[in-house]
Amino acid sequence: MSELFAVRNLRLCTKDCLCLYVCPTGATDTENSVIDVDRCTGCGQCAAACPSGAIHMVPKVFPAQQEHSALVIAAMSAVLRSKAEAESIAASLPGTLAAAIEKSCQIQAEDLIRESGYMLPQSKNASDFLRQLVASPPSATFPTAAAEKLLHLLAGTGAEPQA
Ligand code: SF4
Ligand code: SF4
């Protein structure tokens, strides 16, 4: 198990402030309500005390990704493309059924992306994909500068070597 740090979900936080009392380092008591990663020791007391389930302990380094063969990745990519196409068609149609199909396709596409190995931001797959987009932007409006900045930040996590 890698080291952990606490993350507060501001949407769930009801400001009961128990985490402020139990944190031994004051990491939960910040101006912007975001837990101070530099002061967090990962003890988990805040998460245990929070009555709203608003704090989760997150690993500093995610586990290495499960490997998939090129064939499996290619098959999942093909299904993903068809889901994206169906989502796009449903989005252009009126009615609640179309909206439900759009949402369903989106959720299935997200599952496929995760299974294909692109969901972990620290993974080599994710970095390779970003590099590919930067080198060959898919459209004129693609935010290349933002993608480059993201790549730089991911490199700063020290997790690049993960497969
Ligand atoms: S204990 Fe939970 S609900 Fe209360 S302030 Fe902390 S994070 Fe928010
Ligand atoms: S895990 Fe421990 S040190 Fe980190 S914010 Fe929570 S109580 Fe404070």
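Laboratory data are not the source of any read-out in this text; all were calculated from the coordinates shown. This structure is a prediction, so every number in the text was calculated from the model and none was measured.
Output the DSSP H helices from the chain with an along-axis C-alpha extent of no less than 27 Å and a mean Kyte-Doolittle hydropathy no less than 0.5. Before the final figure, lay out each step's value.
Numbers: long enough: 70-91 (31 Å, 1.07); 96-116 (30 Å, -0.04).
Flagged H segments are 70-91.
Past 22 Å, Cα to Cα, is the threshold; run Lys83/Lys149; Lys60/Lys124; Lys60/Lys103 against it and keep the listed order. Display every interim value, and only then the final one.
Details: Lys83/Lys149 29 Å; Lys60/Lys124 16 Å; Lys60/Lys103 32 Å.
Violating the 22 Å limit, Cα to Cα: Lys83/Lys149; Lys60/Lys103.
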Mean-square fluctuation check for the chain, GNM, Cα pairs under 10 Å: which of Gly26, Gly53, Gly95 is largest? Gly95
Per DSSP H run of at least 4 residues, take -39500 (n - 2.57); add these up for the chain, divide by its residues and hand me the 222 nm value, nearest 500 deg cm²/dmol. -15000 deg cm²/dmol
The range 35-88-the range 122-147 distance, computed between alpha-carbon centres (Å): 20
